[in-house]
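Throughout, read-outs are computed from the coordinates displayed, never taken from laboratory work. Keep in mind the model is a prediction, meaning the values are calculated, not measured. Methodologically, a virtual Cβ is constructed for each residue, glycine included, from the backbone with ideal geometry; neighbour enumeration extends over all protein chains shown.
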């Protein structure tokens, strides 16, 4: 259905409102929804500029039962920012100021529209950095990272975004403004609202200010790369390195198919072999740590284990860096489906990668497999000819089979990209009915009219009425 | 009021029930409530032995609107386990099994009554340890640590308990059983219920199984100690070490008064000077890190900077280890009041310690000051003659003034011991009315009859009716 959003023009806000088709169309999808064909055009777009703007829009929309879906860079992979029930797309990209850097406390305050890379830029001169920055950090916003509890290559050493959020200012559906968390390094004062909001994908509140914790930049940074004779050897080497306590800051796997694509795109002459990319951070003894890793990798027949100083690392890592472009441009007739991830306990990591490749062989599909290996994280993008219904069906079957296998292993359907629209069908399989109902109770408690980002996370039908709005008892 | 708990005898549970006075009296208080005189005797005690036991007791009590307060070791410092509204004390200490150790995944599954130290014992042979273990780990349970989001000396390097909880099984007030979190190293699947339950002090659910993440034991462990000519020099040295990125695993302050007590108790002949205790963990280069710390401390006129190998560390650290006994036995006429903590951003740490000492001088009170300095954490126990009303009043005034100053600084009223009964009056000052109301909404959503640990965290009057039960709309 369509919502009458003309009330937006009467609000006393600093930001702009548009009902124009082109503004609405550019807010219909994110990266994932584009690939999945799940875009939905909102009825209006509001570019908010302040917390009072957000509060005014939410209070008015909530009064009128109009859905509001937060939007910023639109780089999500599971349709997280798609206005699934239409209504208002609340664009936070103009709230993009670094508000304060408190280097002595290893803290920065930012608005949600600040890009991840801008955090690193703002604090580099203080010798600090933001460790969980995702690979998309150049184009994705801190608000989006908080909404999805993102993580990145350095998560294996430093943890995910949730671990680096200290305090959040957020606006609830009714327009009230709260402050969750604390600027102290630790707190046990009341409920941990900050960690509840992180990863809630804008369904519980709209985050308007974020205090991040930062880390001191290590004295020694080295990059590394090793090739393996088989994918099993590579995944076992990763597991063995983690189990042995090798202190890696990044440990990334590219399977043979991904390496082939990346080599072709980058123009490198590496063999098309399973490759593990590494980075080491230390203040002392980085060479000893690298030798420890080399010894572990040697047990798994690693070849061409190369290491570079920080300033030469880019060359060594080029194939990994170019990956997303390589995937998209490999073959004009093939599109990557389901770009999200799954994550398993590390001891199951070799098995799950093997399982993906077995299914790919069985279905005769090209399934490049890569990811933040040290976390047990797997990205598997099935490349399909979208005009071939049989291939698309086989790809969907493979995709679902892997998620289901991961859940059986005690893993998660989504390690770092949220549930959005794309993973809703797996929520209950992963958590069980009682746990999902508990999540729903929290949703109803904070957003009884289902104003905020309706249709996400919970597996109601996207085209139907908003389920939670129906169940409201006022 | 008193609740009729005779229904407990009719439940089909494996555990025992007692209505006897001695059982009830031993469940009236925890460490903090003992000191604060806040104990309340429950109407019955149930020793549960399994998740179905917990579920049966909660479902039956919830039906009858009888309060249930979880209890285990009773080592809390803020009255967290006091059955403030009487009803049932739910004793989890018999649920004390280590269920599974998955060393390859750095994971352990335990029941809530397992002691913290037992986790370390269970995984030591695998080269693993549980980093956020609090100082009370020998006598406090994992369930209690989860309930309060505890932390310990190693939190400065490794984080708090919440950072090491992967998955929780928990029973809601209505008896339903949920599983929060994931065994994957990271997840962004649905709401982060695990981190919401951690630190909720048994007011939202009763945790019945905990999957903890573990760390690999470092190759090099060294202990250190340094004396300082003044308290300001010591606190500035701590701040400077943290700001400079010295990689410490523990950094503990004892002020002159605490050092005097501890020296007297331990029989050491150290000068009664502000003392910083240190521990360093590394796989390589621990000596370089110690020298870096020494250089930073030298800038603040550190004296007698001594370092010991792991097997001699106990001697060096003896005064710190004996601290709680030293405080309690210093003077039979003086009792330590308000044993909890406050925590501030690290740049405010020197100022807050100075503020405590100024207030102590002003009121002519003995206020030993110590804590996990690297986190900005301060424990300040006012030693008072409880028969001296004027002194008690001055102590209360000092205590409250410090918490209020900490909140002004952006710190927290309680870094690691929860709100319990002792810190309720500061909840709204710290978080603001809208945020506290948001916490109440979550409480009502998960426990609409206020069955679980009523009277805690939220600042209703302890002797009054259960506020949230009254507001229930069914």
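The Rg/Rh ratio for chain B is 0.97, where Rg is the radius of gyration of the alpha carbons and Rh is the Kirkwood radius. Given a Förster radius of 30 Å and the C-beta distance between residue A:397 and residue A:298 as r, what FRET efficiency does 1/(1 + (r/R0)^6) yield to the nearest 0.05? According to the calculation, E is roughly 0.15. The rule of thumb for compact globular proteins, 2.2 N^0.38 Å, goes into the C-alpha radius of gyration of segment A:98-216 0.97 times. Once each part is reduced to its C-alpha centroid, what is the distance from segment B:336-380 to segment B:290-306 in angstrom? Here the two parts' Cα centres lie 23 Å apart.
Counting only other chain Cβ atoms within 10 Å of each residue's Cβ, the peptide A:194-200 averages 5.
Rounded to the nearest 5, the antiparallel percentage of DSSP beta bridges internal to the protein assembly as shown is 85%. Semi-axes of the equivalent ellipsoid for segment B:30-126, computed as √(5λ) from the eigenvalues of its C-alpha gyration tensor and ordered from largest down, come to 29, 19, 8 Å.
Sorted shortest first, the separations between the residue B:271 label point and its copies elsewhere in the assembly read 6.6 nm; each point sits 7 Å from Cα along the Cα-to-Cβ line. In whole angstrom, note down how far apart the Cα centers of segment B:97-173 and segment B:424-444 are. Here the answer is 28 Å between Cα centres. Applying 1/(1 + (r/R0)^6) with r as the Cβ-Cβ distance of residue A:425 and residue A:139 and R0 = 30 angstrom yields a FRET efficiency of 0.60. The alpha carbon gyration tensor of segment B:151-201 gives principal lengths a ≥ b ≥ c with a/c of 1.5 or higher and a/b no greater than b/c, which makes the shape oblate. Taking the Cα atoms only, what angle lies between the long axis of helix B:286-298 and the longest principal axis of chain B, rounded to 10 degrees? Helix B:286-298 sits roughly 70 degrees off the main axis of chain B. Relative to the longest principal axis of the Cα atoms of chain A, the long axis of helix A:51-63 makes an angle of roughly 60 degrees. Can you give the angle from 0 to 90° between the axis of helix B:433-446 and the longest principal axis of chain B, with both taken from C-alpha atoms, to the nearest 10? That works out to roughly 50 degrees. The orientation-averaged projection of the convex hull spanning the C-alpha atoms of segment B:278-387 amounts to 8.8 square nanometres. Peptide A:411-420 is shielded by partner chain Cβ atoms: per residue, an average of 5 of them sit within 10 Å of its Cβ.
With a Cα-only, solvent-free Debye model of the protein assembly as shown, what are the log10 I(q)/I(0) values at q = 0.06, 0.09 Å⁻¹? Calculated log10 I(q)/I(0) at the listed q: -0.41, -0.97. Each copy carries a label point for residue A:397 at 7 Å from Cα along the beta-carbon vector; from one copy to the others these points are 8.0 nm apart, nearest first.
Take each residue of peptide B:426-432, count the partner chain Cβ atoms within 10 Å of its Cβ, and average: the result is 3.
With neighbour counts taken as other beta-carbon atoms within 10 Å, the residues A:6, B:176 rank, fewest first, as A:6, B:176. Taking the label point 7 Å along Cα→Cβ, residue A:174 and its counterparts in the other copies are spaced 2.2 nm apart, in ascending order. Each residue in B:361, B:149, A:63 was given a count of other beta-carbon atoms within 10 angstrom of its own, and listing them fewest first yields B:361, A:63, B:149. When you count the other C-beta atoms within 10 angstrom of each residue and take the mean per peptide, B:32-38, A:410-416 line up highest first as A:410-416, B:32-38. Sorting B:244, B:387, A:140, B:189 from the fewest to the most surrounding beta carbons within 10 angstrom yields B:387, B:244, A:140, B:189. For segment B:333-458, the orientation-averaged shadow of the C-alpha convex hull comes to 8.7 nm² (one quarter of the hull surface). Once you reduce segment A:182-233 and segment A:6-38 to the center of their Cα atoms, the two points are 29 Å from each other. Calculated on C-alpha atoms, the gyration radius of segment B:219-330 divided by its Kirkwood radius gives an Rg/Rh of 0.96. Please give the residues of segment B:149-190, grouped as numeric ranges, whose backbone N is less than 18 Å from a label point set 7 Å along the Cα-to-Cβ vector of residue A:441. Counting only backbone N, you get B:168-181, B:190. Taking the DSSP beta bridges with both ends in segment B:6-91, the antiparallel portion is around 25 percent.
With R₀ fixed at 25 Å, the C-beta to C-beta distance from residue A:329 to residue A:124 puts the FRET efficiency at about 0.20. With contributions of -39500 (n - 2.57) from each DSSP H run of at least four residues, the per-residue ellipticity at 222 nm computed over chain A stands at -9500 deg cm²/dmol.
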